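K.L.:
Here it is, the structure, as structure tokens.
Please treat every number below as a calculation from the coordinates, not as lab data. None of the values given here were measured: they were computed from a predicted structure. So basically every Cβ, Gly included, is an ideal-geometry build from the backbone, and we count neighbours across all protein chains shown.
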Amino acid sequence: MRFLILSDIHANVDAFDAVLAAAPRHTWDRALVLGDLVGYGAEPNAVIERVLALEPLAVIRGNHDKAACGLGDASDFNHVARLAAVWTADALTPENRMYLERLPAGPRSIDDGVEICHGAPFDEDYYVFDLGDASRALDTASRPVCLFGHTHLPVVYRRDAGGDAGLVPNVDTDGVQLPLTADARYMINPGSVGQPRDGDPRAAFAIYDGDLRVITLRRVEYPVRAAQKRIFDAGLPPNLAHRLAVGR
């Protein structure tokens with residue numbers, strides 16, 4: 001089974017469309033969405049509709065999804081994120097609000113080899129930022145490969161007989177392929193589709209071939225100015241547009 005792995009789309013339909021164009025349907029079998037479909041960006045309804053059209057195998061909620069549909073109060077968000085959450089709540093159609101309300105929390109087991117979560121297996125809102133966080137997550141993961149998001153930073157953490165280690169992949173135009181060995185366990189973040197935070201403004205995604213045990217991490221250019229214009233036109237905080245150009 002080949003999985004298209006999407007995380008942290010954040011209502012950025014321009015980035016999402018670029019990812020879907022770069023990952024045509026014949027290159028994967030089922031989609032996995034790791035949360036935060038909405039928040040920050042100006043097209044929450046369009047993004048949700050595109051996710052639904054993929055008929056994904058699994059979608060789990062993120063903290064911005066919860067805030068936008070009223071399951072969370074955004075009390076731990078910064079000022080700009082709270083403003084975006086309020087705007088998103090007003091912009092959502094009733095049907096899409098209900099869709100977000102019904103999204104399950106992670107972790108969720110996909111098969112014997114893969115599980116997904118938004119933050120960490122032990123807490124859906126926890127940020128796995130470093131090797132210490134990853135080690136704790138690996139302690140609680142139920143499958144050899146755990147796919148996660150939330151930090152918007154592409155990274156691969158590995159545990160084998162030699163201990164725990166982390167790798168920040170250098171993803172070129174064609175992507176980077178990483179074989180996963182049978183004697184190791186992994187925490188893998190594909191990066192963010194719509195809100196990269198690693199200094200690379202390109203949209204990030206991944207494809208995991210469970211039969212070959214190979215994950216391909218990809219980046220793709222998208223029309224950042226179009227996404228920025230949508231944010232300006234919506235009256236969202238301008239900083240949300242400016243940061244897209246620098247991937248921060």
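K.L.:
Can you tell me the length gained on complete extension of the stretch T93 to R225, counting 0.36 nm per residue apart and subtracting the Cα distance?
P.N.:
Here the answer is 45.0 nm.
K.L.:
Now, a different point. Pull up the DSSP beta bridges for the chain and report the antiparallel fraction as a percent, rounded to 5.
P.N.:
70 percent
K.L.:
Further, regarding this structure: Shape verdict for region 90-195, please, from the Cα gyration tensor: rounded (a/c under 1.5), prolate (a/b greater than b/c) or oblate.
P.N.:
prolate
K.L.:
On a C-alpha basis, how far is the centre of region 154-173 from the centre of region 185-248 in Å? Whole number, if you could?
P.N.:
The distance from the Cα centre of region 154-173 to that of region 185-248 comes to 19 Å.
K.L.:
Next up: Taking 4 °C and 1.567 mPa s as the conditions, I'd like the Stokes-Einstein D for region 1-118 in µm²/s, using the Kirkwood hydrodynamic radius from alpha carbon pairs.
P.N.:
After rounding, the answer is 90 µm²/s.
K.L.:
Could you tell me the calculated FRET efficiency between S75 and R248, based on Cβ-Cβ distance and R0 = 22 angstrom, to the nearest 0.05? Don't skip to the end; give the middle numbers.
P.N.:
Details: r = 24 Å, r/R0 = 1.09.
It comes to 0.35.
K.L.:
Moving on to the next point. So how tilted is helix 44-53 from the main axis of the chain? Cα-based, degrees 0 to 90, rounded to 10.
P.N.:
40 degrees
K.L.:
Per the Debye formula with a single identical scatterer at each Cα and no solvent contribution, what log10 I(q)/I(0) holds for region 2-245 at q = 0.11 Å⁻¹?
P.N.:
Treating every Cα as an identical point scatterer, log10 I(q)/I(0) equals -0.51.
K.L.:
Can you tell me the order of 31-37, 216-222, 241-247, 21-27 when each peptide is scored by its average per-residue count of other Cβ atoms within 10 angstrom, highest first? Don't skip to the answer; put the middle values down first.
P.N.:
Details: 31-37: 26.7, 216-222: 21.1, 241-247: 17.6, 21-27: 11.7.
The peptides rank, most packed first, as 31-37, 216-222, 241-247, 21-27.
K.L.:
Continuing with the same structure: Can you pull the three principal axis extents for the Cα set of region 152-248, in Å, largest first?
P.N.:
Largest first, region 152-248 extends 52, 23, 19 Å along its Cα principal axes.
K.L.:
If you put +1 on each Lys and Arg Cβ and -1 on each Asp and Glu Cβ, how big is the dipole of region 2-245 around its Cα centre, in Debye rounded to 20?
P.N.:
The dipole magnitude comes to about 320 debye.
K.L.:
Let me ask something additional. If packing is taken as the average number of other Cβ atoms within 10 Å across a peptide's residues, how do 136-146, 63-73, 183-193, 162-172 rank, most packed first?
P.N.:
Top to bottom by mean Cβ count within 10 Å: 183-193, 63-73, 136-146, 162-172.
K.L.:
Restricting to DSSP H runs of at least four residues, report the calculated mean residue ellipticity at 222 nm for the chain, -39500 (n - 2.57) per run over all residues, nearest 500 deg cm²/dmol.
P.N.:
Value at 222 nm, helices only, nearest 500: -8500 deg cm²/dmol.
K.L.:
Can you pull the one-decimal nm distance between simple spin-label points at T27 and A182, each 7 Å off the Cα toward Cβ?
P.N.:
Taking the two extended label points, one gets 2.9 nm.
K.L.:
How high is the FRET efficiency between N239 and A161 when r is their beta carbon distance and R₀ equals 51 Å, given to the nearest 0.05?
P.N.:
After rounding to 0.05, the efficiency reads 0.65.
K.L.:
Hey, what angle do you get for helix 79-91 against the long axis of the chain, alpha-carbon based, 0 to 90 degrees rounded to 10?
P.N.:
Its long axis makes an angle of about 70 degrees.
K.L.:
Just report the Cα centroid separation between region 92-112 and region 50-85, whole Å.
P.N.:
10 Å
K.L.:
Rounded to the nearest 10 degrees, what's the angle between the helix 131-140 long axis and the longest principal axis of the chain, both from Cα atoms, 0 to 90?
P.N.:
Relative to the chain, helix 131-140 is tipped by roughly 80 degrees.
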